[in-house]
1. Give the peptides 54-62, 276-284, 245-253, 344-352 in descending order of average Cβ contacts within 10 Å, highest first.
2. First select every other residue whose beta carbon is under 9 angstrom from the beta carbon of Asp190; then total the charges, Lys and Arg +1, Asp and Glu -1.
3. Any idea of the accessible area per residue across the chain, 1.4 Å probe, to the nearest Å²?
4. Keeping the other protein chains in place, figure out the carbon and sulfur percent of the accessible area of the stretch 169-228, with a 1.4 Å probe.
5. Scan around Val186 for amide H atoms under 5 Å from its own, H built in the peptide plane at 1.01 Å from N, and keep only partners 5 or more places away or cross-chain.
6. If Lys and Arg each add +1 and Asp and Glu each add -1, what is the summed charge of the other residues whose beta carbon sits under 14 Å from the beta carbon of Ala486?
7. Using mean Cβ contacts within 10 Å as the protection proxy, how do 370-378, 317-325, 102-110, 476-484 order, highest first?
8. Quick one: of the DSSP bridges fully inside the chain, what percent are antiparallel, nearest 5?
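The values are calculated or read from the model by the stated rules, or taken from the named source; none is laboratory data. All of these numbers come straight from a predicted model, not from anything done at the bench. Counting neighbours? That spans all protein chains shown, and the Cβs are built from the backbone with ideal geometry, glycine included. SASA here: full protein model, heavy atoms, side chains in, ligands and nucleic acids out. Shrake-Rupley method; radii C 1.70, N 1.55, O 1.52, S 1.80 Å.
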Amino acid sequence: MMRIRIVALATFVLATAMARSEQSLPDATIILFNKNTPDSVELAKFYAQKRNIPRDHLVALDCSSEEEISRDQYDSTIAEPVRAAFKERHWWKTRSGDDGTEKVLSSTVRFVAVIKGVPLKIRAATGYEGDVPGQGPIGNRNDSSVDSELATVGIYSRQISGALNNPYYRDFRSIAEFSDAPLLLVCRLDAPTAAVVRGMITDAIAAEKTGLWGRAFIDGAHNTSGGLQIGDKWMNEILQQLHKAGVPAVFDDTPQLFPDGYPISDCALYYGWYADHLSGAFTQSGFRFTPGAIAVHIHSYSASTLRDPSANWCAPLLMRGAAVTLGNVYEPYLQLTTELDLLNDRLLHGFTFAESAYMATHVLSWMSVMIGDPLYRPYTNWTQLEARRDGARGPQSWKQYHDFAVQNVSKPAPEFRQLARQFAARSRNGAMIEDIASMEAREGNLLVATTLFAQARATYSSRDDIVRVVLEESDAWIRLGKSKRALDLIRSVSRIVSSSPALPLLQKLEQEIAPKASSPAATPRKR
């Protein structure tokens, strides 16, 4: 009983703090736009209206419309006008230091929304006055994203080489409670078209009303070479976080991406790595994310351009309906990219996208770019006690699983899975049954997993969901050495999904399994 009271109190305290923070979010936000680009002007007004941001918090920049600019262009057309606006509009309280430079003592603005049309990245500079290049591949670099530089615009430094440690990294407070005044949380509302940007804004606001419901698809790379294993560590940690929150997750830990034709349905969260451009299941015609979805694929140049709808990862993900993504404009090195497990954790705890992304990012004045509404809080209603009492909020099957997980998360894993199996069977919750089956399979309980996958298959009515659990169940049978069972299952479902994009995938798998299924080693011994 004491534990329950403590958890409830902690939740109430966090929810109260979040509510206080939410009340002041529009007043703590400014919008930067390019006055020379009509789309930028209109999108700035649109976002201000949708988020009730004061009109005098719109800052017009007279800057290039190119995505890549020089350091001098950044200083003269972006950094200096932004600093002037902060002082003229009394958003900063400053004083001059002993060396004559300005020091920001306090700030009423903490969020910055950069609108499509403002440059994206700053090319490397040579001979920059006041800069002292350091050593190694990080210390001597001064190319960066515009947004990451803007996050530190209140520091007034001429040192542009190397990365700056982010004081907000791994924090667990709203930015309103954070005392480091110069830090700004800069996110970008940008995409190949203005219509996509409008969709990012409206989808985020709509998703906040009931929460972001749906599945997570996590694509590990199974890469253990040269320090790259940290990426898989993030993916595995995300999986555990989602189990505790009751978010169904499909996890692929093979070196390949989710393949062409793989049935990705109701995708609210996607985390993956490490391919250089959009491929696999996301290239299917007509694929769309759930409105409000968060989708991130780690790659060195995932955000090198946001104007080409088919280049790299960020722009294509947004074109397919993701409301939020993030990436890098130049090579960041894996250890200095945004840590996806921290991002996911903070989002699940109800923080804004901007707060979550910056808590998860180790350095600033570097390569990262956060793309999406900075004020978006996809799981804000999970922190509000009144929302939990309202059984009508959120699609029933997703909410059932979430509520069950929150109530039973402290139980030992075997007991949790046993209770979850019983609850899911009673409620005929296919998404929950499939997720518990996946947990059992990862624990090596393959016979239990096959039974549960079969239950999920019988519960589902969607073709894509049925095909996916058939693939998962077949994999479990193969791992049990029963390739014939897997082959029969695949053949039976192939006959009834002849129009599915997954049919070539099923046929390929059938060809791979057939020789094993007919071999003596795969034939059960007679008794």
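1. Answer by packing, highest mean first, reads 344-352, 245-253, 276-284, 54-62.
2. +3
3. Counting only protein heavy atoms, the per-residue value for the chain is 42 Å².
4. 53 percent
5. Distant-sequence amide H within range of Val186: Val112.
6. +2
7. Result, highest mean first: 370-378, 317-325, 476-484, 102-110.
8. 30 percent
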